[in-house]
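Enquirer: Right, I'll just put the structure down here and ask away after.
Values in this text are rule-based calculations from the coordinates and carry no lab data. Source: prediction; values computed, not measured. Because the Cβ atoms are built from the backbone with ideal geometry, glycine has one as well, and the counts that use them run over all protein chains shown.
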Amino acid sequence: MPVYLQDIPLSEAVDRFEKALEAAGLGGILGEESLELTENLIGRVTARAVWARISSPHYHAAAMDGFALRAEDIAGAMPTSPVTLAVGTQAVYVDTGDPLPLWANTVVPIENVEALDPFGQVTPENRHPHSIRLRAALPPWSHVRPMGEDIVATQLVLPAGHVLRPVDLGAVAAAGHDHIVVSRKPRVAILPTGTELIPIGQPIESGRIIEYNSLVLAAQVNQWGGEAIRYPITPDEYPLIRTRVQEAAEQSDL
């Protein structure tokens, strides 16, 4: 009688395992949980598709510090034929990220503007001048982040079954979510057995072996997205092993 069971190819073993899961009704996710959107979600798997609730940006935003204005008002501006606009009625100062006035459609960077005082002289008050002089034209929507440039409301942000990365968390937040529904982590029981084993950190002696396999396996389970449950070392006593296995089976998925 052979000591070991007959070996089978890995692909066949995986196929048998997957079919057994399907037969037991465990072929899908183990459950869902809605969790707060934090950096701790890295590596978790989305249980449902994530759809954008809002656009990003959700308004037409300045992409540069400068002056918001109508591109039509500076269409003829040239170095030899500059155009002067009144601040407050024809141009408004904006910082990066500020919303554009409803009547504006472009932003001239502040470094391309000549700030003027009430007498038409250049002034260092480049953020609050009386008027501005421009020597170049710009097409509409220059230096503007239009509404929905990154994300449009109702669009798909992440599909179900997606492993979350740092950039995904930012996209989900930008789309208006503060929670995300993820699959429950599979609970994996790890039960080291052997009368000769001793825990890490205990004094060693001849015939005793430091038990570290459960540490390695638990780390792999956690790395692969599971939740490892490490049981204490169980001596080679059948009744005790049976009790521990029954306990692990009740509390774990694997």
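Enquirer: Could you list, in sequence order, all residues of the range 184-231 that are in contact with a strand residue (DSSP E or B) (Cβ under 6 Å, 6 or more places away or on another chain), farther than 17 Å from A249 by Cα and of a type in the set (D, E)?
Expert: Answer for the range 184-231, where residues must be in contact with a strand residue (DSSP E or B) (Cβ under 6 Å, 6 or more places away or on another chain), farther than 17 Å from A249 by Cα and of a type in the set (D, E): E196, E211.
Enquirer: Give the number of residues within the range 1-50 that are free of Cβ contacts under 8 Å to residues at least 60 places away in the same chain, outside any loop (DSSP other than H, G, I, E, B) and among the hydrophobic types (A, V, I, L, M, F, W, C).
Expert: 7
Enquirer: Taking strands (runs of 3 or more DSSP E) that do not extend beyond the range 177-239, which have at least 2 residues that are surrounded by 13 or more Cβ atoms within 10 Å (Cβ to Cβ), in contact with a Gly (Cβ under 8 Å, 6 or more places away or on another chain) and not hydroxyl-bearing (S, T, Y)?
Expert: In the range 177-239, the matching strands (runs of 3 or more DSSP E) lie at 187-190.
Enquirer: Can you spot a residue in the range 206-227 that is among the hydrophobic types (A, V, I, L, M, F, W, C) and touching a helix residue (DSSP H, G or I) at 6+ places or on another chain (Cβ under 7 Å)?
Expert: Of the range 206-227, the ones among the hydrophobic types (A, V, I, L, M, F, W, C) are 209-210, 215-219, 221, 224.
With the extra rule that they be touching a helix residue (DSSP H, G or I) at 6+ places or on another chain (Cβ under 7 Å), the set shrinks to none.
Taking every residue of the range 206-227 in turn, none turns out to be among the hydrophobic types (A, V, I, L, M, F, W, C) and touching a helix residue (DSSP H, G or I) at 6+ places or on another chain (Cβ under 7 Å).
Enquirer: When the residues of the range 205-223 are narrowed to those that are closer than 12 Å to L191 by Cα and small (G, A, S), which ends up farthest from the chain's Cα centre (by Cα)?
Expert: Here the answer is S214.
Enquirer: Which residues, counting only those in the range 106-137, are part of a loop (DSSP other than H, G, I, E, B), surrounded by 13 or more Cβ atoms within 10 Å (Cβ to Cβ) and touching a residue at least 40 places away in the same chain (Cβ under 8 Å)?
Expert: Passing the criteria: V113, P129, H130, R135, A137.
Enquirer: Only one residue in L164, L102, L169, L158 is touching a strand residue (DSSP E or B) at 6+ places or on another chain (Cβ under 6 Å) and aliphatic (A, V, I, L, M), so which one is that? Walk me through how you get there before you give the answer.
Expert: On the way: L164 fails: touching a strand residue (DSSP E or B) at 6+ places or on another chain (Cβ under 6 Å); L102 fails: touching a strand residue (DSSP E or B) at 6+ places or on another chain (Cβ under 6 Å); L169 fails: touching a strand residue (DSSP E or B) at 6+ places or on another chain (Cβ under 6 Å).
On inspection, the qualifying residue turns out to be L158.
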